[in-house]
Amino acid sequence: MTDSIIEKITNTNPESKSLDIEAKNIEQLKQLFPDVFSEGKVDFEALKAALGDHVEDKEERYNFTWHGKNKARQIAQTPSTGTLRPCKEESVNWDTTQNLFIEGDNLEVLKLLQKSYHKKVKMIYIDPPYNTGKDFVYKDNFFDNVNNYLKITNQVDSKGLKVSANSDSSGRYHTDWLNMMYPRLKLARNLLSDDGVIFISIDDNEVTNLKKLCDEIFGEDNFIVDLIWEKRFTRNNDAKLMSSVTEHILFYRKSHSRLSLREPRTEKSDSIYKNQDNDPRGKWTSVSFISQRTKEQRPNLSYEMLNPITNEIVSHPVNAWKYSKEKYEELASENRLYWGIDGKNTYPRLKRFLAELSEGIVPINLWNYKDTGTVDDGTKMVDSLVGKDVFDYPKPISLVQRMMAMALGKDDLVLDFFAGSSTTAHACLDLNAKDKGNRRFIMVQLPEQVDEKSIAKKVGHTTIADISRERIRKASDLIKKNHEGYKGDLGFKSLKLNTTNIIQWEPSFDNLSDILDNSVESIKAERTSEDVLFEILLKYGLDLTYPIIEHILADKTVYEVAFGALIICLDEGITRQTVEAIGKLKQELDSETTRVVFKDAGFADDAVKVNAIQLLKQYGVDDVKSI
């Protein structure tokens, strides 16, 4: 009886899982085309009829496919039943930071972030494992990927499972890599805001396949450019055929909401502005007044003009001008036409004043090492922070900061789900210190074991995630040193992927009595209230960095989340006094959308449990649940 009074959050309830993308897609399709559903299933013939000529129904059409693609698509749509457990001892400034570092398989983490960060990420940068035959291959498991992750990272009995390389002798060399990337990029797209962008570093080996993959996920018309980064300026004389000094960075937008791009102006870009004629409007440069169109193509832009210095009549023999005669006369009267230092140029040029420029500069697709940094710069930085030769080929922060300057506002969120040495986090913190920004980051890194014989192991690092976190700590120290008095956010909340905190109902008729006894308690014995708290935040889709205030009400610990949007009490022995105190807290906070969550077995007795929902209604709380 009491279970029906307060709705329970259990593993059979949709809220106990991450966002069910498949169910969401079906619901959206029902809203658009309710008539194509028959007995809950999609009638594809009816759907084709509804879409008319927009359906491609030919067998011989261009299609990028590979073995396992359908399964990879399904994996992206399968909800996660895992959770993220807080790890305060590995965090920095836990109570105040807006940054997240998440240790875990990025496939499951991306699923868990779907509710809380849907369309909230402005920029994603990833530097995924290149398919070299040596890098770690993520072995996804369709049925239970959280337990699979715990096994392959040696957090539970491995049962013979091993982390292996993607050998180039394998017939599935490209296939395995694509199956790893597809679901992660699919989930990542959901997190991007409509005007968000993604940058992906990749080498020559998989750039063609990655381009096709991204065209499918993000849309061909959202491809911006294949940026070419000059990663080094010296050749490798050990190379047998060719020494590669560049890498690719594929650049896509989420949608057409992103209509333009500009890079900030720099001293180099402004150095071309001079004031050769002492114009009172300040420094200027000049651009051609001649159109690329011919006189025949633009007869309305073909006319004679006067050189005011030589009094000669001027016209172009082939091309039209860029502007109408009326505009030319206006520009001439404002002294915006430049005829050369001695006035004898054949044709005028148009003055562009530095003081009048409101936007940045148009980006280009070749990023040279002088402007953007090199792998050597990245290596020197990591060596100085976490130890020499601890991490191979890290990107320089200057590379990521160039992306951020183009794509991020000062208060935006950046995501990197192949964190590596946490270059993205370092770049974010450093850029904030330089321009007083409030950019936030989410980093995700697999706790991949370092080699037992590696230098990283010798200096005390066990996993790549350990190196990644330590790099952020050291980078924060460096920023404090370089920016004395800086008060910005230099911390991060550390979270770790694990199985759900809620005990799952797994009936066994051989041991039914014990199972029924144990089912009274819904939360695993080894889990803390804060573990459960963060799982609830994920299920409700709340930002994991929202402020959490701990209250003691009627001798019970009560968590107030996001200025009263959610109130949680997970203690034992909850009495009427506790419930009333929570109601009064809600009134004091004056929150319009308060939800209250209790532990199902936490009530002192059934009478308190039955009366809790009615009592809280008196204080304006209509959403009460138990876990």
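We did not get these values from a lab; they are worked out from the coordinates using the rules stated. All of these numbers come straight from a predicted model, not from anything done at the bench. Heads up, the Cβs are rebuilt from the backbone with ideal geometry, glycines too, and the neighbour counts pull from every protein chain shown.
Things worth noting here:
- Over 22 Å between alpha carbons, listed pairs Lys370/Lys410; Lys186/Lys254; Lys71/Lys119: Lys370/Lys410; Lys71/Lys119
- For region 210-285 versus region 187-203, the gap between their alpha-carbon centres in whole angstrom: 17 Å
- The packing ranking, built from the mean of other Cβ atoms within 10 Å per residue, places the peptides 342-353, 530-541 in the order 530-541, 342-353, highest first.
- More than 21 angstrom apart: percent of Cα pairs within region 512-626: 35 percent
- Normalised by the number of residues in region 267-355, the mean separation of alpha-carbon contacts (under 8 Å, six or more apart) gives a relative contact order of 37 percent.
- Trypsin sites (Lys or Arg not before Pro) restricted to DSSP loop in region 397-451 with at most 12 other C-beta within 10 Å: Lys410, Lys436
- Take 322-332, 182-192, 414-424 and order them by the average number of nearby Cβ atoms within 10 Å per residue, most first; the result is 414-424, 182-192, 322-332.
- Percent of Cα pairs in region 267-355 per distance bin of 10 Å, from zero to the largest separation: 16, 46, 29, 8, 0.
- All-pairs alpha carbon distance profile, region 229-312, 10 Å steps from 0, percent: 11, 16, 22, 27, 15, 7, 1
- Between region 594-627 and region 311-389, the Cα center-to-center distance that results, in Å: 66 Å
- Computed packing ranks the peptides 233-239, 80-86, 588-594, 261-267 as 80-86, 588-594, 261-267, 233-239, most packed first, by mean other Cβ atoms within 10 Å.
- 27 Å Cα-Cα threshold exceeded, pairs from Lys120/Lys395; Lys30/Lys69; Lys88/Lys231: Lys88/Lys231
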